[in-house]
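Notes follow once the structure below has been shown.
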Amino acid sequence: MLIELFIAILIISLVSLLGVFTLSINRKRLDNSLDLLVSLSVGALLGGVFLHLIPELVEEGVFSDVSIFVLGGILLFFVLEKFVFWHHCHKSEHEHLCFSYMNLVGDGLHNLLDGVLLAGAFLINVQVGFATAIAVLLHEIPQEIGDFGVLMKGGFSRKKALLANFATALTAFIGAIIALVFNAFVIGVVPIIVAIAAGGFIYIAGTDLIPELHKNPNAKESLLQLVFILIGVGAMGVLLFL
Ligand SMILES: [Zn+2]
Ligand SMILES: [Zn+2]
């Protein structure tokens, strides 16, 4: 189980290096394909949470308040994100750079959450772990390409942006280790961690990803986005039968 977990996290961390390949791609084409990737990952995230994680937690029946902890997770991530933005940037010539650093902190927190959830999912069983790893991998592709773009815009050199983004990706390992340690010392904590992290995923889909899709009002593109969301959900549904 541990081997599968750490291989999954390593592969997902390497996604943080993908951004460098996008430098040569035409801007508009990149934006359009990123939107479809984001749509796919919205479907995969929500499908992962509602088709795999929550049903699994309910089925295990270890604790009866699954929905309370999911709700708590959503609220917790609102508070965490606020906390990141409390250190707001004052208007100055360094505003871009400051925004980049804030993005790094937010990114690190996000990837920490991914690690916690992945470990929790693999602790439930390898199948739930595998479905969760795919959902994480899919949303990390547009996420990390976006992170790289923000850092470059903020004045980071290509090399520094890659290194910083990779470093924040590695926080997923810390998240996984935190979850494993909690699991070793606190009996019955894993389903609670997974429920809270599932709430975090719902929050990310609703506040980070979906608003991104609303920036494009084009009817044809919007329809395509819906199709890709459904493909994402469908892929998670298909995984149930494997
Ligand atoms: Zn993520
Ligand atoms: Zn990143």
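Packing-wise, with mean Cβ within 10 Å as the measure, how do 26-35, 168-177 rank, highest first? Before the final figure, lay out the partial values.
On the way: 26-35: 12.8, 168-177: 21.2.
Answer by packing, highest mean first, reads 168-177, 26-35.
Relative contact order of the chain: 43 percent, from C-alpha pairs under 8 Å at least 6 residues apart in sequence. For residue 64 and residue 167, the difference between the fully extended length at 0.36 nm per residue and the C-alpha to C-alpha distance is 33.3 nm. Restricting segment 129-233 to trypsin sites (Lys or Arg not before Pro) that sit in a DSSP loop and have at most 16 other Cβ atoms within 10 Å of their own Cβ leaves 215. At the residue level, residue 83 shows approximately 110 square angstrom of accessible surface with a 1.4 angstrom probe and all protein chains present.
What does the charge count near residue 14 come to, summing +1 for each Lys or Arg and -1 for each Asp or Glu among other residues with Cβ under 10 Å from its Cβ? Intermediate values should be presented prior to the final figure.
On the way: positive: none; negative: 140, 144.
That sum, taken over residues with Cβ under 10 Å, equals -2.
Only lysines eight or more places from residue 215 in sequence, or on another chain, were considered; those with a Cα closer than 16 Å are 28. The packing ranking of peptides 41-49, 140-148, highest mean first, is 41-49, 140-148, where packing means the average number of other beta carbon atoms within 10 angstrom of each residue. Just to confirm the number: angle between the C-alpha axis of helix 27-47 and the first principal axis of the chain, 0 to 90 degrees, nearest 10? So the helix axis and the longest Cα principal axis differ by about 10 degrees.
What the chain shows is 52 Å² of accessible area per residue, with the surface traced by a 1.4 Å probe over protein heavy atoms. Could you check how much of the accessible area of the chain is carbon and sulfur, as a whole percent, using a 1.4 Å probe? Of the solvent-accessible surface of the chain, carbon and sulfur hold 73 percent. Over the Cα atoms of the chain, the radius of gyration divided by the Kirkwood radius equals 0.97; this is the Rg/Rh ratio.
So what's the projected area for segment 1-141, the Cα convex hull averaged over all directions, in nm²? Mind dumping the intermediate values first?
On the way: hull surface 40.9 nm².
Taking a quarter of the hull surface, the average projection is 10.2 nm².
Distance between the pseudo-spin-label points of residue 126 and residue 187 (7 Å out from Cα toward the beta carbon): 2.7 nm.
Summary of the geometry: segment 201-231 and segment 33-77, compared by the centres of their Cα atoms, lie 17 Å apart.
The values are calculated or read from the model by the stated rules, or taken from the named source; none is laboratory data. Because the structure is predicted, anything quoted here is derived from the model rather than measured. Glycine also receives a Cβ, built like all others from the backbone with ideal geometry; neighbour counts cover every protein chain displayed. What goes into the accessible areas is simple: the full protein's heavy atoms, side chains included, and nothing from ligands, DNA or RNA. Shrake-Rupley method; radii C 1.70, N 1.55, O 1.52, S 1.80 Å.
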